Amino acid sequence: MFLKNYSVYKLKLTSTSQNSNLSNKSIKNKEVNYKFPGLNLGVVIPAYNEELNIGRTLDQIPKNISDNLCVIVVDDGSKDKTYEIASKYDITILKHPKNRGNGAATKTGLEFCREKNFELVIILDADGQHPPKYIDDFITSIMEDSVEFVIGNRFKQYYNMDVNRKLCSKLMTAFYFLFLHKKIADPTNGYRALSSKLIQNIEFESEYSLTQEMLFKILPYYKYKEIPIKLNPRDNGESFIKIKNYLTKIVLLFIKFYVFPKIKRITHKILSEEFRNRVKTYYLKT
Ligand SMILES: Nc1nc2c(ncn2[C@@H]2O[C@H](COP(=O)(O)OP(=O)(O)OP(=O)(O)O)[C@@H](O)[C@H]2O)c(=O)[nH]1
Ligand SMILES: [Mg+2]
């Protein structure tokens, strides 16, 4: 079955108490005390060449979260055994025919979640850096603190980060504070939770810098919270971030999602609708 620009290779929407364990091979738990019974939860895991990590990431997803848990691995055109390994689990797998990048893979997962109307969506990486044990904390934050968005913060505890990456992250923190007047300690952290309101209301466009587009579109308008997460170092595989490219994209995103809308708002305020329409018609004619 083909849906938009990805294919649904394996579809598993909800678990039942009989097959609540993700691994097909493992012993089935008949009596599970779910922490959030009935919660229609999507867990999106973008994965590219993660054959060494995807299995243990899926193994670590707590089995007692919800009887309506749907784990969605988005295989971003991997050339290794990522798909074969993921397909042994009782989960949904979406597949890009070609590699398109982390942002595109996440976007595909979110589009699927929107179609399926999940109440809450968690995004976590397949590379073993985001321990799935924190999923509970993300859900609790969204439910109890009445926020729409939750993002992990690795800097609450010691985290050994490459100096350039750390600088880039701190620059972005300053940037968001300066221009959006919002505090965010770890803006490059991809471990996040979104409420259904955000999933339904926000259209994401970027394929490369989705993590930042999300912040531009969420921080100024919705309640959010950061929670402390102890991130693991990446043991295997290659990071997709190239710092120079990343910073350039952030500046372009800033112009697109901050400067342009601001100019538009100002022109709307000072120029009459009639005048704006006249200019528009003139431009369409030329
Ligand atoms: N490297 C890479 N990862 C991708 C791609 N598409 C999806 N991903 C997945 O996106 C997630 C994040 O990628 P990472 O390269 O670890 O990005 P990161 O965690 O921000 O960067 P590091 O801190 O260097 O690990 C992982 O689960 C990848 O498997 C891609 O094209 N390249
Ligand atoms: Mg990573």
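The values are calculated or read from the model by the stated rules, or taken from the named source; none is laboratory data. A quick note: this is a predicted structure, and the numbers were derived from the prediction, not measured. Don't worry about glycine lacking a Cβ; one is built from the backbone with ideal geometry, like all the others, and counts go over all protein chains shown.
Table for the structure above
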| read-out | value |
| --- | --- |
| Residue among K170, K166, K197 that is more than 16 Å from ligand 1 (Cβ to nearest atom) and either more than 17 Å from the chain's Cα centre (by Cα) or of a type in the set (D, E, K, R) (or both) | K197 |
| Matching residues in region 114-144 - criterion: being surrounded by 24 or more Cβ atoms within 10 Å (Cβ to Cβ), of a type outside the set (A, V, I, L, M) and part of a helix (DSSP H, G or I) | F138 |
| Pairs with Cβ under 8 Å, 6+ apart, first in region 246-269 and under 14 Å from L215 (Cα atoms), second charged (D, E, K, R) and at pLDDT 80 or above | L253/E213; F257/E213; F257/K217 |
| Selection from region 79-96 of residues that are part of a loop (DSSP other than H, G, I, E, B) and buried (at least 23 other Cβ atoms within 10 Å of the Cβ) | I91 |
| Residue selected from region 123-151 under the condition more than 16 Å from ligand 2 (Cβ to nearest atom) and of a type in the set (A, V, I, L, M, F, W, C), by the criterion nearest to T92 (Cα to Cα) | I135 |
| Residue count, region 58-78 (criterion: within 16 Å of ligand 2 (Cβ to nearest atom) and surrounded by fewer than 19 Cβ atoms within 10 Å (Cβ to Cβ)) | 1 |
| Subset of region 145-187 (residues that are among the polar types (S, T, N, Q), surrounded by fewer than 19 Cβ atoms within 10 Å (Cβ to Cβ) and either touching a residue at least 40 places away in the same chain (Cβ under 8 Å) or on the phi > 0 side of the Ramachandran plot (or both)) | S146, Q157, N160, N164 |
| Sole exception among (1) within 12 Å of the chain's Cα centre (by Cα); (2) closer than 27 Å to R56 by Cβ; (3) away from ligand 2 (no atom under 15 Å from the Cβ) for H96, by number | (1) |
